[in-house]
Amino acid sequence: MEDILRLVPILVVDDELDDDTPAGQAARAVVERLEAEGAPAVTARSREDAEHVVGATCTLSGVVIDWDVHHGGGAGRPGSDGPAASLIERLRHGWPALPIFVTADRSSVQALPPTLLAQVDGYVWKLEDTPDFIARRVLEARRENLDPLLPSFFGALVRFTE
């Protein structure tokens, strides 16, 4: 199972990944936690980068998108079709069951449209939730999504050995 899971990465989209700020450090820490748990992470710093990853792979097992991703369109504002919202719509169209999480800070949570919240599996506070907490939520959703794909006996055997 672990070999299979290493073939299906989690996409992390955050334009602050390279920044030396608390938000950048938090984003990098989530990526590090995912990888420490054996989940490969593919990172994108803009919506365009994420679109390239989505177009080039059919094996994503989860997505974490920063609502405030600014590159590739306007910031996510109420009523706007910001880069995060358009990426989420594309992902939902191609992968209806793919676990999608939105990261946000307290000031931007009011900007999350209710229609968007219906399309994601959860949202987390990037600067308030711990990287461990965020990674565990994403990994659990990932496992719930991938478990039905395994033959029942193989899945039971994997769970037993873990």
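Read-outs throughout are calculated quantities, based only on the coordinates presented, and are distinct from any laboratory measurement. All of these numbers come straight from a predicted model, not from anything done at the bench. We place every Cβ from the backbone using ideal geometry, glycine too, and count neighbours over all the protein chains shown.
Observations
- Linear extension gain, Phe133 paired with Thr59, 0.36 nm per residue minus alpha-carbon span: 24.2 nm
- Ratio Rg/Rh [Cα only; Rh per Kirkwood] for segment 1-60: 1.01
- Each peptide in 18-27, 37-46 gets a packing score, the mean of other Cβ atoms within 10 Å over its residues, and the list from highest to lowest is 37-46, 18-27.
- Footprinting exposure proxy for Glu128, Glu35 (fewest neighbouring C-beta atoms within 10 Å first): Glu128, Glu35
- Local charge for Ala118 was computed over the other residues whose Cβ lies under 12 Å away, with Lys and Arg +1 and Asp and Glu -1, and equals -1.
- Couplings 3J(HN,Hα) for segment 88-101, derived from phi with the Karplus relation 6.51 cos²θ - 1.76 cosθ + 1.60 (θ = phi - 60°), are 4, 4, 5, 4, 5, 5, x, 9, x, 9, 5, x, 10, 10 Hz, where x marks Gly and Pro.
- Between amide H atoms placed 1.01 Å from N, distances below 5 Å from Tyr123 occur with Val102, all of them 5 or more places distant or on a separate chain.
- Label point 7 Å beyond Cα of His93 along Cβ direction - residues of segment 34-68 with amide nitrogen under 11 Å: none
- The amide H of Ile10, built 1.01 Å from its N in the peptide plane, has Ala41, Val42, Ser61 as neighbours under 5 Å, considering only residues 5 or more places off or on other chains.
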